[in-house]
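S.K.: Take a look at the following structure, please.
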Amino acid sequence: SELIEFARIARIDMLIVSLPLTAESRVLQLLKKLWVLPVDIRLSAHSNALQFRPRAYSYIGSVPMLDIFDKPINDWDSVAKRAFDIVFSIIGIVVFSPVMLATAIAIKLDSKGPVLFRQKRHGFNNEIVEVYKFRSMYTDRADPTAKQTVTKNDPRVTRVGRFIRKTSIDELPQFFNSLFGSLSLVGPRPHAIAAQSHNLLYNEVVDGYFARHKVKPGVTGWAQINGWRGEMDTNEKIRMRTEYDLYYIENWSMLFDLRILFLTPVRLLNTENAY
């Protein structure tokens, strides 16, 4: 647990487990905890009695390593993804600026309070990021910690709020999050820090939940376009959302991002779980 905390703070690039393969149960116990980190994880093979083919190893100096986990979206892939975010965020801001302006006016006319709602959520590497949304609740009833999820016909939601939540217009300011770099356009959706299900934090419900944070969270994601959006009122919904998020991380490509981005407006027409 201390190593995980240190690895997040120090932003290490690689973590090497130097126990011999014969310590199987201990190695597996360690890897089960360490795999949530956004780092390369290697198993030292210097004392390995088994001789694999040379191609099976990578090397640190002359010491052979078995590659267990690789940091996702690394090196030039991360550069390409950042360029993708900047270009399409600017396009999104330009295209939706009339909608955002009209929404801001409607919110001001409908209820007292600021136009934007800022919420602290978990970002890349479990860091805390501030996510922008159009305010959809009455100011005196807002819940920045999201301990109480929004339910159908929730009295905390304003008239304008119901419409912009249903249509996901409330998420449009997150184009600026993506442009500034705290979010990516496509990735696992960020959850509020204190988000709960039946008085349990999400990471207490799903083993390996924090592996979602091995990449930047997104404005839209693979889970959302497959129907796992809206209220997370059961443990099964949280598990399924996490499963889809991990699938995205393991299978990321630029084409996959483009597919998710262009399918998002189509899939958001289904507003059954959005309120």
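The values are calculated or read from the model by the stated rules, or taken from the named source; none is laboratory data. Just so we're clear, the structure is a prediction, and the values are computed from it rather than from any experiment. FYI the Cβ positions are ideal-geometry reconstructions off the backbone, even for glycines, and counts take in every protein chain you see. Just so you know, the surface numbers come from the protein's heavy atoms only, side chains and all, with ligands and any DNA or RNA stripped out. Shrake-Rupley method; radii C 1.70, N 1.55, O 1.52, S 1.80 Å.
S.K.: Kindly indicate which of Glu171, Glu204, Glu231 is in the same structural domain as Met100 (by the TED database) and either of a type in the set (Val, Ile, Thr) or at pLDDT 85 or above (or both). Walk me through it before giving the result.
M.R.: On the way: Glu204 fails: either of a type in the set (Val, Ile, Thr) or at pLDDT 85 or above (or both); Glu231 fails: either of a type in the set (Val, Ile, Thr) or at pLDDT 85 or above (or both).
Matching residue, one of Glu171, Glu204, Glu231: Glu171.
S.K.: Mind checking whether some residue in region 81-97 is charged (D, E, K, R), closer than 30 Å to Pro173 by Cα, under 31 Å from the mean Cα position of the chain (by Cα) and not assigned by the TED database to the domain that holds Ala211?
M.R.: No - not one qualifying residue is present in region 81-97.
S.K.: Moving on to the next point. Tally up the residues in region 59-80 that are under 31 Å from the mean Cα position of the chain (by Cα) and either on the phi > 0 side of the Ramachandran plot or at pLDDT below 85 (or both), please.
M.R.: Final tally of qualifying residues: 2.
S.K.: Now, a different point. Within the set of pairs 6+ apart or on separate chains, which have a first residue in region 235-251 that is in contact (Cβ under 8 Å) with a residue 60 or more places away in the chain, a second that is of a type in the set (A, V, I, L, M, F, W, C), and C-beta atoms under 6 Å apart?
M.R.: These pairs meet every condition: Tyr248/Trp222; Ile249/Val215.
S.K.: Then there is this: Among the residues of region 94-114, which ones are hydrophobic (A, V, I, L, M, F, W, C) and open to solvent by less than 30 Å² (accessible area, probe 1.4 Å)?
M.R.: Of everything in region 94-114, those that are hydrophobic (A, V, I, L, M, F, W, C) and open to solvent by less than 30 Å² (accessible area, probe 1.4 Å) turn out to be Met100, Ala104, Ile107.
S.K.: Quickly run through region 28-52 and pick out the residues that are open to solvent by less than 80 Å² (accessible area, probe 1.4 Å), modelled with pLDDT of 90 or more and not charged (D, E, K, R).
M.R.: Leu30, Leu31, Leu34, Trp35, Val36, Leu37, Pro38, Val39, Ile41
S.K.: If you don't mind, another one. Limited to region 232-269, what total is found for residues that are surrounded by 13 or more Cβ atoms within 10 Å (Cβ to Cβ) and either closer than 14 Å to Ser168 by Cβ or not charged (D, E, K, R) (or both)?
M.R.: 20
S.K.: Hey, another quick one. Limited to region 126-150, what total is found for residues that are in contact with a Leu (Cβ under 8 Å, 6 or more places away or on another chain) and either at pLDDT below 90 or open to solvent by 50 Å² or more (accessible area, probe 1.4 Å) (or both)?
M.R.: The number of residues fulfilling the criteria is 1.
S.K.: Do you know which residues across region 1-27 are assigned to a helix (DSSP H, G or I), of a type in the set (Gly, Ala, Ser) and surrounded by 10 or more Cβ atoms within 10 Å (Cβ to Cβ)?
M.R.: Answer for region 1-27, where residues must be assigned to a helix (DSSP H, G or I), of a type in the set (Gly, Ala, Ser) and surrounded by 10 or more Cβ atoms within 10 Å (Cβ to Cβ): just Ala7.
S.K.: Going residue by residue through region 69-78, is there one that turns out to be surrounded by 16 or more Cβ atoms within 10 Å (Cβ to Cβ), part of a strand (DSSP E or B), touching a helix residue (DSSP H, G or I) at 6+ places or on another chain (Cβ under 9 Å) and of a type outside the set (Ser, Thr, Tyr)?
M.R.: Yes, there is a match, as at least one residue in region 69-78 is surrounded by 16 or more Cβ atoms within 10 Å (Cβ to Cβ), part of a strand (DSSP E or B), touching a helix residue (DSSP H, G or I) at 6+ places or on another chain (Cβ under 9 Å) and of a type outside the set (Ser, Thr, Tyr).
S.K.: Can you name every residue in region 211-229 that is open to solvent by 30 Å² or more (accessible area, probe 1.4 Å) and closer than 22 Å to Lys32 by Cα?
M.R.: Within region 211-229, just Lys216 meets the criteria.
S.K.: Restricting to region 100-135, name every residue that is farther than 24 Å from Lys216 by Cβ and assigned to a loop (DSSP other than H, G, I, E, B).
M.R.: Selection gives Ser111, Lys112, Gly113, Pro114, Val115, Arg135.
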